[in-house]
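The values are calculated or read from the model by the stated rules, or taken from the named source; none is laboratory data. Computed from a predicted structure; not experimentally measured. Here the Cβ positions follow ideal geometry from the backbone for every residue, glycine too, while neighbour counts run over all protein chains shown. To get the accessible areas, we keep the full protein, side chains included, count just its heavy atoms, and leave off ligands, DNA and RNA. Shrake-Rupley method; radii C 1.70, N 1.55, O 1.52, S 1.80 Å.
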Amino acid sequence: MNHGITRTTTLALLLAGLTLGIANAAPQKDEGPQPRVVDPGSATKAPADAVVLFDGSDVSHFVRDKDGAPCRCTIESGAMACVTGVGDIVSTEKFRDAQIHLEFMPPYMPEQHSQLRGNSGVYLQGKYEIQVLDSYQNPTYADGVLGALYGQAAPLVNAARPPREWSTYDMIFHGPRCDAKGNVTDLATVTVLLNGVLVQDHMTIARSGQAKGCPDGPILLQDHSGFPGAPLTTMRFRNIWLRHLGEGPVIWK
Ligand code: MG
């Protein structure tokens, strides 16, 4: 074996690689504005640029919808427990376009069926309900299943976990756009992942109910009481945050 040749070849390859590396390090395009740096957080910590609505410590970022009274949900082990009768609650933060994260845990209600088993909902801008329901082995009408855009679009799949387990919702919502007269020109859209599984894929929300003027709105969490036969339900939520959207990505010219 000729070790001299081997060493020479190795050195040549190293030099070639170094030269290639220097070439690749050269700018390939105009240097432009860079994306903002955002600490992404973790499974239990919101991204750095998120508005945290509930981190387990207090419920002050929510109020009762009907009169603005303090939220009467209680804190249990870092979760917000909302019992039938506390009323719908709304976030004090309003938004036009947002990325939204929250976690929820339906109770175990084997004596109940269909819409009476662990019902709540996340209303985007206080108007458009993404259904919360115990949909684990609990048949109901398709556009009322967990993950449905209620009354309009069934979820692509039923990705429900059993009751008494935590589930996650991640949503991308774009509110409607209006012209100068306040008439809706572009309808709202929503994308929803339930437990990391896509259940609404850039769904356009029906025109009916889209408010004139396109006002910003809150996250509303439903108290499913007042319906015929509605049972006592304790719905739990945790780790609720949103990120306002609006800045587009960096576009290279
Ligand atoms: Mg509901």
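Pairs linking a residue in region 210-224 that is touching a residue at least 40 places away in the same chain (Cβ under 8 Å) to a residue that is away from the ligand (no atom under 11 Å from the Cβ) and small (Gly, Ala, Ser), with Cβ atoms under 6 Å and 6 or more positions apart or on different chains, are 217/126; 218/91; 218/126; 219/91; 220/126; 223/87.
Condition check ((1) of a type outside the set (Gly, Ala, Ser); (2) touching a residue at least 60 places away in the same chain (Cβ under 8 Å)) across all residues:
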site	(1), (2)
76	yes, yes
92	yes, yes
109	yes, yes
113	yes, no
123	yes, yes
132	yes, yes
136	yes, no
141	yes, no
151	no, no
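Summed over region 43-67, residues that are of a type in the set (A, V, I, L, M) and open to solvent by 80 Å² or more (accessible area, probe 1.4 Å) total 1. If I ask for residues that are farther than 15 Å from residue 151 by Cα, in a strand (DSSP E or B) and in contact with a Ser or Thr (Cβ under 7 Å, 6 or more places away or on another chain), which ones from region 190-211 would you list? Across region 190-211, the qualifying residues are 194, 201, 202.
Results for (1) within 11 Å of the ligand (Cβ to nearest atom); (2) surrounded by fewer than 22 Cβ atoms within 10 Å (Cβ to Cβ); (3) modelled with pLDDT of 95 or more, shown as yes or no for each residue.
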site	(1), (2), (3)
113	no, yes, yes
126	no, yes, yes
138	no, no, yes
146	yes, no, yes
155	no, no, yes
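Scanning region 31-47 for residues that are under 19 Å from residue 167 (Cα atoms) and either among the hydrophobic types (A, V, I, L, M, F, W, C) or more than 22 Å from the chain's Cα centre (by Cα) (or both) yields 43, 46.
Among the residues making up region 167-224, a single one is within 16 Å of the ligand (Cβ to nearest atom), among the small types (Gly, Ala, Ser) and at pLDDT 95 or above: 167. Tell me yes or no: at least one residue of region 90-105 is within 16 Å of the ligand (Cβ to nearest atom), within 22 Å of the chain's Cα centre (by Cα) and more than 25 Å from residue 193 (Cβ to Cβ). No, region 90-105 has no match at all. One residue alone among 35, 70, 40 is open to solvent by 40 Å² or more (accessible area, probe 1.4 Å), at pLDDT below 95 and farther than 16 Å from residue 235 by Cα, and that residue is 35.
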